[in-house]
Structures are given as structure tokens and as C-alpha cells.
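Inspection log for the structure reproduced underneath, given as C-alpha cells.
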Amino acid sequence: QVQLVESGGGLVQAGGSLRLSCGASGRAFSRYAMGWFRQAPGKEREFVAGVSLSGGSTDYADSVKGRFTISRDNAKNTVYLQMNSLQPEDTAVYYCAADFLPRSIGRVAGAYDIWGQGTQVTVSS
């Protein structure tokens, strides 16, 4: 199966930007819908953004619409999350996830088969 490795997290000031990357090893990356989730201390893991197999369709949580952009480059086996206008409430561990042969872009964590290790994003006031 695909293995996922995330990078790009860090500490930024409110209003700043980060670009997260998730590289996938193995074959058949283009058969996985990809999603980004985040989990803050004391909170449930929540859906952030998802992208379809070819990158033609995207879905976003209301909390990040207009600020975050998910994209994928199947030739590079990589999915990205561009995060702009970051706010302290965006502070969380961000995870990428892969959903094999999806029927749609999943919004629930249980829909995804493979998870990355997570990368910390901290936004200061």
C-alpha cells in the first residue's frame, strides 16, 4: 500500500502562510482520493480538505474555505495544502490521508485507509 510522509509544518504568526506537502511512496497513487485532517489538543480529528483522484474536484471544511487550497501532482505522487491567512485556531497537528478507490471525497476519518505521521502547525497571536 501507499505510505505517506508529511512535511512543511512549523511556527508562523497570525496572517502568515504555510505550504504542507505529503509525499506518497508505492504505486497507484492516482487511485486514491487524498484528504487533509487536523487535530488540536482536546478536540476530535476534523476534516480540512479533500481532492479527487485526478485533482479535478476539491472539498473544504467551512472553516478553511477561501484560505486553504488543496492540490495534487500525480506525476510526483504528492498532495499539497497551501494555507494562507492562518489564525491561532488553525493550530493543530495536520495529517494527510489516502482513500483507495473512493466513491467520493470523504469527510470522515473512517473513510481513509492510510495516514501520514502528522506535522505540527502552530500559529501565534
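Please verify whether the stretch 112-120 includes one or more residues that are in contact with a helix residue (DSSP H, G or I) (Cβ under 8 Å, 6 or more places away or on another chain) and in contact (Cβ under 8 Å) with a residue 24 or more places away in the chain.
The answer is no; no qualifying residue exists.
Each row is one residue, and each column tells you yes or no for (1) under 14 Å from the mean Cα position of the chain (by Cα); (2) of a type outside the set (V, I, T); (3) modelled with pLDDT of 95 or more; (4) buried (at least 18 other Cβ atoms within 10 Å of the Cβ).
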site	(1), (2), (3), (4)
S25	no, yes, no, no
P41	no, yes, no, no
V64	yes, no, yes, yes
R72	yes, yes, yes, yes
V79	yes, no, yes, yes
Q82	yes, yes, yes, no
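Of the residues S54, S124, which single one is in contact with a helix residue (DSSP H, G or I) (Cβ under 8 Å, 6 or more places away or on another chain), modelled with pLDDT under 95 and more than 21 Å from V5 (Cβ to Cβ)?
S54
Looking only at the stretch 87-118, count every residue that is open to solvent by 10 Å² or more (accessible area, probe 1.4 Å), over 21 Å from G55 (Cβ atoms) and in a strand (DSSP E or B) and tell me the total.
1
Tell me, please, whether a residue that is of a type in the set (A, V, I, L, M), out of contact with any Cys (no Cβ under 9 Å at 6 or more places or on another chain) and farther than 20 Å from V2 by Cβ can be found in the stretch 98-116.
no
Within the stretch 1-23, which residues are touching a Phe, Trp or Tyr at 6+ places or on another chain (Cβ under 9 Å), open to solvent by less than 60 Å² (accessible area, probe 1.4 Å) and not in a strand (DSSP E or B)?
V2, G8, G9
Quick one: which of V12, V79, V51 is β-branched (V, I, T), touching a residue at least 12 places away in the same chain (Cβ under 8 Å), under 18 Å from Q117 (Cβ atoms) and touching a Ser or Thr at 6+ places or on another chain (Cβ under 8 Å)?
Only one candidate qualifies: V79.
The values are calculated or read from the model by the stated rules, or taken from the named source; none is laboratory data. Because the structure is a prediction, the values reported are computed rather than measured. Note that we place each Cβ from the backbone using ideal geometry, even for glycine, and neighbour counts take in every protein chain shown. When the accessible area is computed, the model is the full protein with side chains, heavy atoms only, and any ligands, DNA or RNA have been set aside. Shrake-Rupley method; radii C 1.70, N 1.55, O 1.52, S 1.80 Å.
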